[in-house]
Amino acid sequence: MKKYDGKKIVVMSQAYTVHEVVPEDEHNWARVIYIDKKVELNKTMPEDNKSVALLHEVIHIINETTGHKMTEGHVDAISYGLIDVMKNSPWLKEIF
Ligand SMILES: [Zn+2]
């Protein structure tokens, strides 16, 4: 079963579809294509990096949708910070 490919993710009330692709630039982990409402994940990256990349792109969508001007560093800090909270506080899944 595919873990990411074809899954829907709703961000700020907008549904995006996740696609695992082999990008032209193999160093590009992920990107959002807003016009098509899709998030592309590099299928060649290690599985552990895919969740980080997906959350990173979700933060980008929130940033873009709300008109904030977060830097790449801000997006990284929040995505890694949230992953750390979720991994170390699994009970949170029960309240959201
Ligand atoms: Zn980014």
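Structural remarks
- Hey, residue 70 more than 13 Å from the chain's Cα centre (by Cα), exposed (fewer than 15 other Cβ atoms within 10 Å of the Cβ) and either at pLDDT below 95 or not in a helix (DSSP H, G or I) (or both) or not: no
- Unique match (being modelled with pLDDT of 95 or more, among the charged types (D, E, K, R), surrounded by fewer than 10 Cβ atoms within 10 Å (Cβ to Cβ) and away from the ligand (no atom under 16 Å from the Cβ)) among 37, 8: 8
- Where a residue in the stretch 53-76 is within 26 Å of residue 26 (Cβ to Cβ) and its partner, wherever it lies, is among the charged types (D, E, K, R), with Cβ under 6 Å and at least six apart: none
- The number of residues in the stretch 13-34 that are more than 11 Å from the chain's Cα centre (by Cα), surrounded by 11 or more Cβ atoms within 10 Å (Cβ to Cβ) and aliphatic (A, V, I, L, M) comes to 2.
- Residue in the stretch 78-87 that is more than 13 Å from the chain's Cα centre (by Cα), more than 16 Å from the ligand (Cβ to nearest atom), surrounded by 13 or more Cβ atoms within 10 Å (Cβ to Cβ) and modelled with pLDDT under 95 present: yes
The values are calculated or read from the model by the stated rules, or taken from the named source; none is laboratory data. Just so we're clear, the structure is a prediction, and the values are computed from it rather than from any experiment. Glycine gets a Cβ as well: all are built from the backbone with ideal geometry, and neighbour counts include every protein chain shown.
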